[in-house]
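One structure is given here, and the rest of the page talks about it.
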Amino acid sequence: MSLAVVILQARVASMRLPGKVLAPIGARSLLAHCLARLRIGGAAPVLLATTTNPEDDLLVETSERYGVPVFRGPAEDVLSRFVLAAHSVGARFVVRATADNPAIDIGGPARVLAGLRSSNADHVIEEGLPCGAAVEGVTVEALVRASAQASQPSDREHVTTLIRRDHRNFASLTLRAPQPVRRPDVRLTVDTEEDLWSMRHLAARLDNWSGEPELRTILDVSDELSVGRRCA
């Protein structure tokens, strides 16, 4: 049993860029970068939450190579998948991460988890990080309440949208990201072929991304190359 867990959601069947989570970016796949960075952060045990679809067996294999356990649940109802995954390890707090973000800020999970534990908030986010570098924290109790209330498919797919929108029933806390990594103008996520090319170009200047550098280092190289595509 763990009071907190970092849940990384992933599946092969991405709508815009199918199979992207297994695409190589430097020395590792996109998924492997996410797993490695979350483990290095050490904020809480990491759990991969994927689907029961056969194509996601490949994600299970990758996760097992990194020593990360796996929970398999509904493909479309991701909110239920998170509730079930959190309950499977007896967690009270969840840090939610998504597997299209190979440059997750290593220190982010610990910061949002600290904010969640020290406040009465149901949900904690950080503002100011590059697109694709942030995670969010949420109590399992809030996830359970949201799952009971959410009727829109988009709320069940995106996990925390109802919690962030319903200020009457859920309390959300917004933290400012640390100044050295407060770069909301930079895009470091992978949603399109262009994003994937950009991250691979970046990886080539990061010693093939064979290690997992701090976000500040990634930003420095991105600025040198001017490949960090700007967020709208």
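Observations
- Every listed requirement among (1) within 30 Å of residue 90 (Cβ to Cβ); (2) in a loop (DSSP other than H, G, I, E, B) is met by residue 190 save one, (1).
- Entry remark, region 1-22: residues being closer than 19 Å to residue 55 by Cα, in contact (Cβ under 8 Å) with a residue 12 or more places away in the chain and either out of contact with any helix residue (DSSP H, G or I) (no Cβ under 7 Å at 6 or more places or on another chain) or crowded, with 19+ Cβ neighbours inside 10 Å (or both) number 8 in total.
- Within region 17-76, the set of residues being closer than 22 Å to residue 196 by Cα and among the charged types (D, E, K, R) comprises 20, 28, 37, 55, 56.
Here is a yes/no grid of residues against (1) more than 17 Å from residue 132 (Cα to Cα); (2) β-branched (Val, Ile, Thr); (3) at pLDDT 95 or above:
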site	(1), (2), (3)
35	no, no, yes
44	yes, no, yes
47	yes, no, yes
51	yes, yes, yes
56	yes, no, yes
70	yes, yes, yes
97	no, no, yes
105	no, no, yes
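- Of all the criteria given as (1) small (Gly, Ala, Ser); (2) without any contact (Cβ under 8 Å) to a residue 60 or more places away in the chain; (3) not in a loop (DSSP other than H, G, I, E, B), the one not satisfied by residue 151 is (3).
- Just one residue in the set 75, 97 is in contact with a strand residue (DSSP E or B) (Cβ under 8 Å, 6 or more places away or on another chain), surrounded by fewer than 19 Cβ atoms within 10 Å (Cβ to Cβ) and not in a helix (DSSP H, G or I); that residue is 75.
Yes/no matrix, rows are residues, columns are (1) free of Cβ contacts under 8 Å to residues at least 24 places away in the same chain; (2) under 26 Å from residue 207 (Cβ atoms):
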| residue | (1), (2) |
| --- | --- |
| 43 | no, yes |
| 46 | no, yes |
| 54 | yes, no |
| 57 | yes, no |
| 71 | no, no |
| 75 | no, no |
| 82 | no, no |
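- In region 149-164, of all residues being more than 12 Å from residue 81 (Cα to Cα) and touching a strand residue (DSSP E or B) at 6+ places or on another chain (Cβ under 8 Å), the one that is surrounded by the most Cβ atoms within 10 Å (Cβ to Cβ) corresponds to 163.
Residues checked against (1) assigned to a strand (DSSP E or B); (2) among the β-branched types (Val, Ile, Thr); (3) in contact with a His (Cβ under 9 Å, 6 or more places away or on another chain); (4) more than 25 Å from residue 154 (Cβ to Cβ):
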site	(1), (2), (3), (4)
8	yes, no, no, no
50	yes, yes, no, no
64	no, no, no, yes
86	no, no, no, no
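- Counted residues, region 155-186 - those being outside any helix (DSSP H, G or I), under 16 Å from residue 141 (Cα atoms) and hydroxyl-bearing (Ser, Thr, Tyr): 2
- Residue check for residue 83: of a type in the set (A, V, I, L, M, F, W, C) and within 17 Å of the chain's Cα centre (by Cα): yes
The values are calculated or read from the model by the stated rules, or taken from the named source; none is laboratory data. Because the structure is a prediction, the values reported are computed rather than measured. FYI the Cβ positions are ideal-geometry reconstructions off the backbone, even for glycines, and counts take in every protein chain you see.
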